[in-house]
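Since the structure comes first, as structure tokens, the remarks are kept for the end.
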Amino acid sequence: MDPHRRAAHADHVDGNVLAGALGRLFGGEPTEMVAVCASCGSAARIAEAWVEIDDTAAIVRCRSCTKTLATVMFAEDPPRMTFSALAELRTT
């Protein structure tokens, strides 16, 4: 089936339906996840990204084009993450 084609019938439910998929996605070693840059299309493990860090946040940059993929604000409670040029995040 064409992934861009919408199903003839789709159910509308709340976000709890994602629990299993998100658990599988984030349940492993996070630095082994592959990040795909929306700017240049490069795909690499998070462990290979360039990170600018200070006491409050870490800016995760694409090693190929240096665009910001995501920012992790760890000085906040709870920590939070925003996404910029991150097109895809997947397990290996």
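The values are calculated or read from the model by the stated rules, or taken from the named source; none is laboratory data. Owing to the predicted nature of the structure, the values given are computational and were not obtained by experimental measurement. Every residue, glycine as well, gets a Cβ built from its backbone with ideal geometry; the counts of neighbours run over all protein chains shown. The protein model used for the area step is the full one, side chains on, heavy atoms only, and it has no ligands, DNA or RNA in it. Shrake-Rupley method; radii C 1.70, N 1.55, O 1.52, S 1.80 Å.
In this label model, residue 71 and residue 39 are separated by 1.4 nm, measuring between points 7 Å along each Cα→Cβ vector. Between residue 12 and residue 84, what's the calculated FRET efficiency when r is the beta-carbon distance and R0 is 25 Å? Round to 0.05. Result of the calculation: an efficiency of 0.30. Once the 1.4 Å probe is applied to the protein heavy atoms, the chain comes out at 74 Å² accessible per residue. Taking the Cα centre of the chain as reference, the dipole from Cβ charges on Lys and Arg (+1) and Asp and Glu (-1) amounts to some 440 debye. Percent of alpha carbon pairs in the chain separated by more than 22 Å? Percent of Cα pairs beyond 22 Å in the chain: 41. Within the accessible surface of the chain, defined with a 1.4 Å probe on protein heavy atoms only, the carbon and sulfur portion equals 54 percent.
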